[in-house]
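Here is the structure we will look at.
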Amino acid sequence: MQDELKNLADLYYTRVIEPSAGININWIRRTMLQLGIKDESIDNLYMINAPMSREVWYYAFVKAFEEKKLADFLNMLVDTIGSLPLGNLESSLDALGIYYDGKYHAKVFNIAVLVSGRGTNLQALIDAIDEGKINGRIVAVISNRKNAKALVRAEKHGIERFYVPAKKGESRESYDKKLAKIIDVKKVNLIVLAGFLRILSPWFVERYKNKIINIHPSLLPAFAGLYGDEVHRAVLEYGCKVTGCTVHYVDSEPDHGPVLIQKCVPVNDDDTVQKLAMRVLEKEHECLVEAAKMIAEGRVEVRGRKVILKK
Ligand code: GRF
């Protein structure tokens, strides 16, 4: 990421800034002010009427990127200079989360969360997005149960919610096509199963290959196929000393796809199902937020069963 940023800043400097007389410290300062980026260093340089230099340009470029305003910054550059003779920059811009279609735009990472119950994992995602930890937004919360508390959470946060009931005797695929309709209209980049109590059809899983993740409250492959308290009861009955949770990609077998993140939770001698469930749940929230964050940042690569998390 840092390399992409530096290369791109360099390219703009050599091809656009250097040959043009229009970009000086005054321009940088004005632009940053207009974008709402407060910056003392630039103010100071402006005060002493410092000349424009490669270093100043880098500084402003990186600052705009860090403040998630690089697309706007570049649009202002186009407004001042006219079209930019830069050739094909698509992949470099893409790596920085920007696309160009005559204007620069920040790409938005759209998440759909599928739920059936209380929605504490959904809440963890909502909070992480609000706190700026995940660069994305939840565009749909979909539930197969009308009274799922998760739907209330979505409503409270102004997130669009959908109740999609299954008809009696309806096939998995027919049901999943209703989900797909919403997911496609909402241009979803990532589907998160957060306590969604339905098995997805092979049709759905294939259509959104490597775009669906699930959170499971055990260290998979141990205790796969169980749900909620059943998992923790089985862990205690087995006498495990350690348990945990897993975020994994979804394939056509339940609780089976490539593992993204796992976190351990020690089992205590005096644990009850409830006590253990609570401690695992805390780790689930951390895991899910980390996974969504990494995916949104394009730092995850799936190679067969192996998932590579890039620094
Ligand atoms: C979690 O324990 C998750 O691991 C499992 O379903 C539960 C959902 O909890 N898949 P919540 O609805 O997110 O609170």
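The values are calculated or read from the model by the stated rules, or taken from the named source; none is laboratory data. Note that the coordinates shown come from a computational prediction; the quantities given were computed from them, not determined experimentally. All Cβ positions, even for glycine, are placed from backbone atoms using ideal geometry, and neighbour counts span all protein chains on display. Surface areas here come from the heavy atoms of the whole protein model, side chains and all, with no ligands, DNA or RNA. Shrake-Rupley method; radii C 1.70, N 1.55, O 1.52, S 1.80 Å.
For the range 254-259, the Karplus equation 6.51 cos²θ - 1.76 cosθ + 1.60, evaluated at θ = phi - 60°, returns couplings of x, 6, 10, x, x, 7 Hz by residue, with Gly and Pro reported as x. Residues of the range 212-255 falling in the label zone of N268, defined by backbone nitrogen less than 11 Å from a point 7 Å along Cα to beta-carbon, are absent.
Over the chain, average the accessible area per residue using a 1.4 Å probe and give it in Å², no decimals.
Accessible area per residue, the chain: 53 Å².
Between amide H atoms placed 1.01 Å from N, distances below 5 Å from Y227 occur with no residue 5 or more places distant or on a separate chain.
Protection proxy ranking of 9-19, 278-288, 296-306, by the mean of other Cβ atoms within 10 Å over each peptide's residues and highest first, is 278-288, 9-19, 296-306.
The Stokes-Einstein estimate for the chain, based on a Kirkwood radius over Cα pairs and taken at 4 °C with 1.567 mPa s viscosity, is a diffusion coefficient of 59 µm²/s. The accessible surface of the chain, taken with every protein chain in place and a 1.4 Å probe, is 50 percent carbon and sulfur.
Filter K68/K177; K149/K306; K38/K187; K133/K156 down to the pairs with a C-alpha to C-alpha distance above 26 Å, please. Long pairs (Cα-Cα over 26 Å): K68/K177; K149/K306; K38/K187. Backbone amide hydrogens, once placed in the peptide plane, bring R161 within less than 5 Å of V141, excluding anything fewer than 5 places away on its chain. When peptides 161-172, 180-191, 254-265, 88-99 are sorted by average Cβ neighbour count within 10 Å, with the highest value leading, the order is 254-265, 180-191, 88-99, 161-172. Between the range 25-95 and the range 172-237, the C-alpha centres lie 43 angstrom from each other.
Dividing the helix sum by the residues of the chain, where each DSSP H run of 4 or more adds -39500 (n - 2.57), gives a mean residue ellipticity at 222 nm of -13000 deg cm²/dmol. The calculated FRET efficiency for the pair K38 and K181, based on their C-beta separation and a Förster distance of 30 Å, comes to about 0.10. The label-point distance for L236 and H157, in a model that sets each label 7 Å from Cα toward Cβ, rounds to 3.0 nm. Over the chain, what is the relative contact order in whole percent, taking alpha-carbon pairs under 8 Å and six or more residues apart? The value is 13 percent. The lysines whose alpha-carbon is closer than 16 Å to the alpha-carbon of K283, local same-chain residues fewer than 8 away aside, are K263, K275, K293.
Distances between placed amide hydrogens fall under 5 Å for G244 paired with L219, V265, all partners being 5 or more residues away or on another chain. Model label sites at R299 and H105, defined 7 Å from Cα along the beta-carbon direction, differ in position by 2.6 nm. The DSSP beta bridges internal to the chain are antiparallel in roughly 55% of cases. Taking a point 7 Å from the Cα of S92 along the Cα-to-Cβ direction, none of the residues of the range 268-300 has its backbone N closer than 18 Å to it.
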